[in-house]
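Only one structure is covered here, and it is reproduced in the block below.
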Amino acid sequence: MNLFDSTIQTFLRTLGNVDRWLDKAEAHAKERNYDPAVLLTLRLAPDQYALLRQIQSMCDAAKSPAARLAGKEPPVHPDTETTWAEARARITTCAAYVSTITANDLEGALDRTIPLPFIPGMGSPARAYVAELAMPNFFFHITMTYAILRHAGVPLGKVDFIGPMTLVPV
């Protein structure tokens, strides 16, 4: 597997899975006669991000590494979403940006040092950045999003988390 498949394609595939979870969450809320926006404020623990912030964070955790690995500056989103539609639009906007990163953009990326804006003057070798920060951080926020929705009773399972698989005859 190459860097493009293990990062960009994984980000896009997983963001698509989350979009389908939100379809199920909306349907669940409608079946139970409540506004799906209620879900945006739910959290698993008092000191943890609510669902809306998890969605914003997972989007940032996809677009920022994608951009940095391509040697680009990530787009900035001001985290002003407050509604269900805005949260969903954030995912769409993020996926649209990530889809602009091509395999050619990542040529030589493993030889780069990726700057870490939260530690001024420091960076991480790209391979370590992907393995130690980018992918774990992305999947942390994805998992918290899933867990909050499950905790709210949204009927999601492992197949929803994994998403559709590519199958071939053996």
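Rule-based calculations on the coordinates, nothing more; no lab input. All values reported here derive from a predicted model rather than from experimental measurement. A quick note on method: Cβ atoms are made from the backbone with ideal geometry, for glycine too, and the neighbour counts reach across all protein chains shown.
Within the stretch 107-122, if we keep just the residues that are in a loop (DSSP other than H, G, I, E, B), surrounded by fewer than 13 Cβ atoms within 10 Å (Cβ to Cβ) and not aromatic (Phe, Trp, Tyr), the residue that is nearest to the chain's Cα centre (by Cα) turns out to be 117.
Restricting the stretch 62-106 to residues that are part of a helix (DSSP H, G or I) and acidic (Asp, Glu), the residue that is surrounded by the fewest Cβ atoms within 10 Å (Cβ to Cβ) is 86.
Take the residues in the stretch 18-50 that are under 17 Å from residue 137 (Cβ atoms) and not hydroxyl-bearing (Ser, Thr, Tyr); name whichever of them is surrounded by the most Cβ atoms within 10 Å (Cβ to Cβ).
Here the residue is 18.
Taking the stretch 135-156, which residues are assigned to a helix (DSSP H, G or I), among the aliphatic types (A, V, I, L, M) and either within 30 Å of residue 30 (Cβ to Cβ) or in contact with a Leu (Cβ under 8 Å, 6 or more places away or on another chain) (or both)? Can you show your working first?
Kept after step one, since they are assigned to a helix (DSSP H, G or I), are these residues of the stretch 135-156: 135-151.
If we keep only those that are among the aliphatic types (A, V, I, L, M) as well, we get 135, 142, 144, 147-149.
The answer is 142, 144, 147, 148, 149.
Criterion first (of a type in the set (A, V, I, L, M), within 17 Å of the chain's Cα centre (by Cα) and either under 29 Å from residue 107 (Cβ atoms) or in a loop (DSSP other than H, G, I, E, B) (or both)) does residue 12 satisfy it? When the stated conditions are applied, residue 12 passes them. Pairing residues of the stretch 127-141 that are among the small types (Gly, Ala, Ser) with residues that are in a helix (DSSP H, G or I), at Cβ distances under 6 Å and at least 6 apart in sequence or on separate chains, gives 134/65. Of the residues making up the stretch 124-155, just one is exposed (fewer than 14 other Cβ atoms within 10 Å of the Cβ), aliphatic (A, V, I, L, M) and over 17 Å from the mean Cα position of the chain (by Cα), namely 128.
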